[in-house]
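Before any comments, here is the structure.
A short reminder: the numbers here are calculations on the coordinates, not readings from a lab. Everything numeric here is computed off the predicted structure, so don't read it as measured data. A quick note on method: Cβ atoms are made from the backbone with ideal geometry, for glycine too, and the neighbour counts reach across all protein chains shown.
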Amino acid sequence: MGPTNTSGYRLFLLSILSIALSACGGGGGSDSGSNSAPDGGASSSLALFAGDMRGNGSTDGVGAAARFNSPQGVATDSAGNVYVADSFNNIIRKITPTGVVAMLAGSGQPGSTDAIGAAARFNFPIGVATDGAGNFYVGDTANFTIRKITAAGVVTTLAGAAPGDNGGGGGTADGTGAAASFRSPRGVATDSAGNVYVADLGASTIRKITPAGVVTTLAGTAGVNGSADATGAAASFNSPTGVATDSADNVYVADTFNHTIRKITPAGVVTTLAGTADVPGSTDATGAAASFRSPLGVATDSVGNVFVADTGNNTIRKITPAGAVSTIVGVAGQADFAPGALPGLLESPRGVAVSGTLLYIALLNGVAVVQNLP
């Protein structure tokens with residue numbers, strides 16, 4: 001896809017998102033108390049961490065004084081900072097544990113420039129992840145690339161090539177660096193060895209990138225939509241959006257249009273952890289008896305639980321290692337933002353990230369936090 005088609009491709013991405021959110025009622029937004037993440041109290045509650053659910057923007061600030069524009073992916077680091085792919089603003093934001101929001105990288109203008117901090121450019125970034133060395137990785141969706149940001153804010157392109165960059169654009173080729181191509185990279189996650197995993201929505205595959213930039217297809221076959229549990233290329237997905245890893249380097253996938261959560265072992269063996277393909281719903285149960293509706297984001301905690309942004313249901317779901325699914329935030333079918341004691345209400349949850357007993361949730365125009373995660 002050439003550079004003249006970039007605007008059209010962004011509209012295509014929006015159409016994919018709107019389909020996933022079609023059951024949500026569309027629209028946007030926490031707690032009237034502190035915007036910081038408190039550490040006291042035994043009860044679980046929902047609060048606004050940063051942003052304003054009533055309106056968008058790009059202002060840096062503290063808590064509700066900051067503004068976002070359709071943030072998608074969220075990630076955390078070992079110091080408790082939160083990183084946000086602020087998609088429509090084309091920037092990556094950092095939020096301190098006390099709710100101070102600042103730009104990490106990006107100018108606010110769409111582009112593909114590799115540079116430092118505000119001199120760099122992104123184009124509709126959706127996924128963000130951190131590693132143990134202080135680096136950040138971005139699924140730069142409309143650039144068809146995976147970007148890397150060092151702790152000093154130096155942005156480079158780890159894999160793929162943007163439209164107009166030596167013939168770059170959407171594709172499915174495995175290779176090294178710019179020789180590899182992606183069709184619509186969304187969520188990203190890292191493992192203990194520094195590998196990066198990518199939900200390549202447009203190809204319906206899960207890709208793996210080594211620290212040296214070598215790209216391979218871990219599971220699925222490009223262009224083949226399906227729900228088959230199998231190994232490697234014999235497995236199939238249907239527009240996967242979110243990915244996360246656990247301490248054993250298993251990969252979890254929000255398989256959005258299958259309405260399921262999938263698990264991939266380091267050997268590439270794919271199974272369905274919860275839900276049944278093509279059976280959307282909101283049932284809390286175990287394994288295939290549970291149901292989801294267009295899940296977009298996944299995250300894991302230190303004991304192997306998986307948390308799901310069940311976008312079409314406006315809820316956050318929890319899956320235990322045994323596959324038992326429960327709804328912990330929000331009420332299925334109710335789209336609003338109501339902070340306070342759980343379950344509260346959510347509207348269009350997208351990305352999720354866990355930090356200790358805190359769960360961060362990307363919403364339409366801000367980031368919410370669940371305190372004392374159940």
Here the FRET efficiency for T286 versus S192, based on Cβ atoms and R0 = 25 Å and rounded to 0.05, is 0.30
Reciprocal of mean inverse Cα separation for the chain (Kirkwood radius, Å): 19.7 Å
Is it possible to state the helix-based mean residue ellipticity at 222 nm for the chain, with each DSSP H run of 4+ residues giving -39500 (n - 2.57), the sum divided by total residues, to the nearest 500 deg cm²/dmol? What is it? -1500 deg cm²/dmol
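What's the local net charge at D229, with K and R +1, D and E -1, over the other residues with C-beta under 10 Å away? Let's see the in-between values first.
On the way: positive: R262, K263; negative: none.
Surrounding charge for D229 is +2.
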Could you give the nm distance between label points at R54 and A248, where each point is 7 Å from its Cα heading toward the beta carbon? 4.8 nm
If you look at just the Cα atoms of segment 64-184, how large are its Rg and its Dmax in Å? 13.7, 44
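Could you order peptides 302-313, 221-232 by the average number of other Cβ atoms within 10 Å of their residues, highest first? Walk me through the intermediate numbers first.
Working: 302-313: 22.8, 221-232: 15.3.
Highest to lowest by the protection proxy: 302-313, 221-232.
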Let's test this: bin the Cα-Cα distances of segment 203-259 at 5 Å from zero up to the farthest pair and state each bin's percent. 5, 20, 28, 28, 14, 5, 1
What is the set of long-range amide H partners of G108 at a cut-off below 5 Å, with H atoms built 1.01 Å from backbone N? F122
